[in-house]
Structures are given as C-alpha cells and as structure tokens.
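Student: Quick one: structure below, then a few questions.
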Amino acid sequence: MDVTLTQLRYFSEAAARLSMTGAAERLNVAQSAVSSAVAQLERQIGSQFFIRQRSKGLVLTPAGELFLRDAQAVLAHVEEAVEHARGEQTTIAGNVRLACFSTLAPFLLPGLLARLRTDHPKLELEVVEADAAGCSAALLGGQVDVALCYDLGLPDDVAATAVHAARPYLALPSTHRFAHRAEVALTEMRNEPFVLLDLPHTKELMLSILTNAGVEPNVCFQSGSYETVRTFVASGHGYSILHQRPQHDFTYDGGTVAPVAIKGDVPELQTVIARLRTQRPTARIRAVAQAVRQQVAGLSAAAPRTPS
C-alpha cells in the first residue's frame with residue numbers, strides 16, 4: 001500500500017506535539033485515527049518512528065527524526081504546488097507554529113499577532129517561548145515551522161534571515177555617576193558589580209563583550225529573566241549589558257534604569273527569522289515572515305534612542 005498524505009500529516013503532527021492525543025485534538029479527528037495511521041506508516045516503511053511511553057508521551061527515534069524532515073518537506077512541497085495552482089486568489093489560511101526567543105516575545109509577539117489577525121484572519125499562529133537552544137531544538141525536532149530569535153548558536157541545518165540589528169547598551173542605575181553620560185567606555189566599568197542575563201548563548205555573548213574590552217566581569221547576580229535583571233540594576237545592585245530597550249525605563253517595582261551607549265566598537269546582535277534549510281517556505285510561513293519584518297520596522301521607527 002502506498003504512503004498517503006494523510007499518514008504524513010498525522011505523523012508530522014504527532015511528532016510536533018509528541019502526543020497522539022494532542023495531534024488528534026489539533027487535527028480534529030479521533031485519537032485512534034492518528035494512532036492507526038502512524039502505526040500503519042511504521043509497518044509500511046519498516047521502521048519504528050516513536051517510542052511510546054505512558055507517562056511521558058512520545059519520543060522520536062533517530063529514524064523518526066530523519067523521516068520527519070522528509071515528511072515535512074513533502075507536505076510543504078504539496079502545499080506549494082496547490083498554492084501555485086490556485087494562483088493569486090489563494091487566501092492565506094491554516095496554522096503556523098512559531099518559536100520565539102523569550103526576551104523578544106514581549107516586544108514583538110503582541111503586535112505580530114494583531115497584525116496577522118488583520119492581514120490574514122484565517123491564519124492561526126501557535127507560539128512557544130524558548131531560549132536560543134530551545135528555538136533551535138524546536139526547529140530541529142519539528143515542533144515548530146519557524147523561529148524568531150537571535151543569531152546565537154544556530155546549527156548548520158538552520159537557515160536564518162536577519163530582520164534587525166541591535167547594538168548593546170549599558171543599563172545603569174539612575175543614581176549611577178555615569179547615568180547622564182552620552183556614552184561610557186566599558187573599561188570605565190572595571191571592577192563594578194555586573195548583573196548577568198543568564199540565558200544559553202546570551203550569557204557567553206555578554207561576558208565576551210566585557211572580556212574583549214579587557215574587562216574582567218565581576219558577576220554579582222545572574223538571572224534568566226530580562227525584567228529581573230533590569231529590576232536589580234534599577235535597585236543599585238550593579239550594571240548590565242542589554243540589547244532590547246522598552247518604550248520606558250521603569251521597572252516592575254517603580255525603579256528606573258538609565259540606558260547609556262557603549263563607547264567604541266561592540267558587536268551588534270541580529271534578530272533573525274529561522275527555519276530548517278530543507279524546509280520549503282510555504283505561503284503561510286512567508287506571510288508570517290513578512291509580518292515579522294513589518295512589525296520590527298515599525299518598532300524600530302518608534303523605539304526610544306539610546307544617547308550616543
């Protein structure tokens with residue numbers, strides 16, 4: 001018996017959610033239909049794609065991971081062929097799964113969702129937040145179709161298109177002696193306590209910015225929360241280096257962060273739209289990518305400027 005598109009779709013959805021039940025709910029079919037289709041597919045191919053664990057759900061086998069990429073490529077190719085056949089009258093509809101880097105999410109996701117709801121009301125965006133490693137893992141594991149993240153630690157299997165470049169700045173307490181300076185050299189911060197944004201790859205980047213400037217980081221506190229870092233800075237516990245700047249400089253507890261430009265050359269951080277190199281960018285993915293570019297452009301135009 002030939003492999004069917006339905007089998008590939010059910011398998012891909014089960015792999016994305018690591019759950020037959022979750023896939024069935026998403027596809028609006030019976031759980032038994034998904035389980036049966038996947039089991040039949042495994043028999044036809046002659047490979048086991050999932051390890052079924054009662055307490056933990058599904059785990060993809062190496063054969064399943066390999067087949068998933070090929071199955072997604074086939075489904076994307078079929079979708080693209082249908083789009084071409086329908087021509088320009090096609091309405092963008094369906095589901096796109098997006099992984100968003102956690103510190104970008106509050107800046108970009110609300111506006112992005114509103115923009116897509118207006119421009120493509122039949123397109124549903126399903127979002128998961130993750131750190132840099134999590135975004136890459138979600139792409140490689142087939143849990144998401146596209147990621148909105150920084151160009152940090154992306155594997156070779158992932159293709160990335162830059163949509164914005166952010167220059168790092170110093171986040172200082174408003175009472176700091178340099179708070180009203182236009183710019184500060186990193187060497188002037190030597191020996192001062194540093195509050196580190198402790199996320200995979202982000203941590204290494206922040207520390208390298210200091211060490212490359214000849215400053216030994218004096219880390220007094222670290223957190224994986226962007227807002228916690230800002231609150232500790234505002235409370236006078238140290239300074240930090242950040243990339244994203246909110247529309248105001250207040251923190252959750254009413255404190256104030258003073259953003260000051262870094263003097264000299266420092267590496268910019270690229271915000272990118274990422275997908276698997278083997279994945280064809282369908283009309284849905286292209287629509288999301290275009291909305292991301294528009295949202296980033298709008299925010300960049302309205303963003304407060306760090307003194308320079």
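The values are calculated or read from the model by the stated rules, or taken from the named source; none is laboratory data. This one's a predicted model, so the numbers in the text were calculated from it and none came from an experiment. All Cβ positions, glycine included, derive from the backbone under ideal geometry; neighbour counts span all protein chains shown. Accessible surface is based on the protein model in full, side chains and every heavy atom, while ligands, DNA and RNA are left aside. Shrake-Rupley method; radii C 1.70, N 1.55, O 1.52, S 1.80 Å.
Student: Which numbered condition in (1) assigned to a loop (DSSP other than H, G, I, E, B); (2) within 28 Å of Q44 (Cα to Cα) is the only one that A63 fails?
Tutor: If we test A63 against (1) assigned to a loop (DSSP other than H, G, I, E, B); (2) within 28 Å of Q44 (Cα to Cα), just (1) comes out false.
Student: Among (1) under 27 Å from S136 (Cα atoms); (2) modelled with pLDDT of 85 or more; (3) open to solvent by 40 Å² or more (accessible area, probe 1.4 Å), there is one condition S32 misses while meeting the rest; what is its number?
Tutor: S32 satisfies every listed condition except (1).
Student: Residues that are under 30 Å from A81 (Cα atoms) and not hydroxyl-bearing (S, T, Y): does segment 257-272 have at least one?
Tutor: To start, the set of residues in segment 257-272 that are under 30 Å from A81 (Cα atoms) comprises 272.
Keeping just the survivors that are not hydroxyl-bearing (S, T, Y) gives 272.
There is at least one residue in segment 257-272 that is under 30 Å from A81 (Cα atoms) and not hydroxyl-bearing (S, T, Y).
Student: Here is a follow-up. Tell me, which residue of segment 46-74 that is without any contact (Cβ under 8 Å) to a residue 12 or more places away in the chain and among the basic types (K, R) is surrounded by the most Cβ atoms within 10 Å (Cβ to Cβ)?
Tutor: Checking each candidate, the answer is R52.
Student: How about segment 267-279: which of its residues are surrounded by fewer than 18 Cβ atoms within 10 Å (Cβ to Cβ) and over 30 Å from L172 (Cα atoms)?
Tutor: Result: R277, T278.
Student: Considering G264, G224, G214, G236, which residue is among the small types (G, A, S), surrounded by fewer than 17 Cβ atoms within 10 Å (Cβ to Cβ) and free of Cβ contacts under 8 Å to residues at least 40 places away in the same chain? I'd like the intermediate steps shown before the answer.
Tutor: Values: G264 fails: free of Cβ contacts under 8 Å to residues at least 40 places away in the same chain; G224 fails: free of Cβ contacts under 8 Å to residues at least 40 places away in the same chain; G236 fails: free of Cβ contacts under 8 Å to residues at least 40 places away in the same chain.
Only one candidate qualifies: G214.
Student: Give the residue, chosen from R280, R245, that is touching a helix residue (DSSP H, G or I) at 6+ places or on another chain (Cβ under 7 Å) and either within 20 Å of E126 (Cβ to Cβ) or in contact (Cβ under 8 Å) with a residue 60 or more places away in the chain (or both).
Tutor: Details: R245 fails: touching a helix residue (DSSP H, G or I) at 6+ places or on another chain (Cβ under 7 Å).
The unique qualifying residue is R280.
Student: Restricting segment 285-308 to residues that are under 17 Å from the mean Cα position of the chain (by Cα) and of a type in the set (K, R), which is modelled with the highest pLDDT?
Tutor: That would be R293.
Student: Another one. Quick one: count up the residues across segment 201-211 that are buried (at least 16 other Cβ atoms within 10 Å of the Cβ) and more than 12 Å from I241 (Cβ to Cβ).
Tutor: Counting residues in segment 201-211 that are buried (at least 16 other Cβ atoms within 10 Å of the Cβ) and more than 12 Å from I241 (Cβ to Cβ) gives 1.
Student: Name every residue in segment 104-114 that is open to solvent by 30 Å² or more (accessible area, probe 1.4 Å) and farther than 17 Å from G94 by Cβ, in order of residue number.
Tutor: Just the residues of segment 104-114 that are open to solvent by 30 Å² or more (accessible area, probe 1.4 Å), to begin with: 106-107, 110, 113-114.
Scanning segment 104-114 gives P106, F107, P110, A114.
Student: May I pose another question? Is it true that some residue in segment 97-111 is of a type in the set (K, R) and assigned to a strand (DSSP E or B)?
Tutor: Here is the first cut: in segment 97-111, the ones of a type in the set (K, R) are 97.
Still in the list and also assigned to a strand (DSSP E or B): 97.
Yes, segment 97-111 contains a residue that is of a type in the set (K, R) and assigned to a strand (DSSP E or B).
Student: Select from segment 119-178 the residues that are among the hydroxyl-bearing types (S, T, Y) and open to solvent by less than 20 Å² (accessible area, probe 1.4 Å) and write down the one among them that is farthest from Q244 (Cα to Cα).
Tutor: Taking segment 119-178 first, the residues among the hydroxyl-bearing types (S, T, Y) are 136, 150, 161, 169, 174-175.
Okay, now just the ones that are also open to solvent by less than 20 Å² (accessible area, probe 1.4 Å), so 136, 150, 169.
Details: S136: 21, Y150: 11, Y169: 9 Å.
Taking the candidates together, the pick is S136.
Student: Say we look at segment 11-29 and pick out the residues that are open to solvent by less than 30 Å² (accessible area, probe 1.4 Å) and of a type outside the set (A, V, I, L, M); which of these is farthest from E65 (Cα to Cα)?
Tutor: Step one: list which residues in segment 11-29 are open to solvent by less than 30 Å² (accessible area, probe 1.4 Å), which gives 11-16, 20, 22-24.
Now drop any that are not of a type outside the set (A, V, I, L, M), which leaves 11-13, 22.
On the way: F11: 11, S12: 10, E13: 13, G22: 18 Å.
Among those that are open to solvent by less than 30 Å² (accessible area, probe 1.4 Å) and of a type outside the set (A, V, I, L, M), it is G22.
Student: Also: Can you confirm whether L139 is in a helix (DSSP H, G or I) and among the aliphatic types (A, V, I, L, M)?
Tutor: Numbers: in a helix (DSSP H, G or I): yes; among the aliphatic types (A, V, I, L, M): yes.
It is true that L139 is in a helix (DSSP H, G or I) and among the aliphatic types (A, V, I, L, M).
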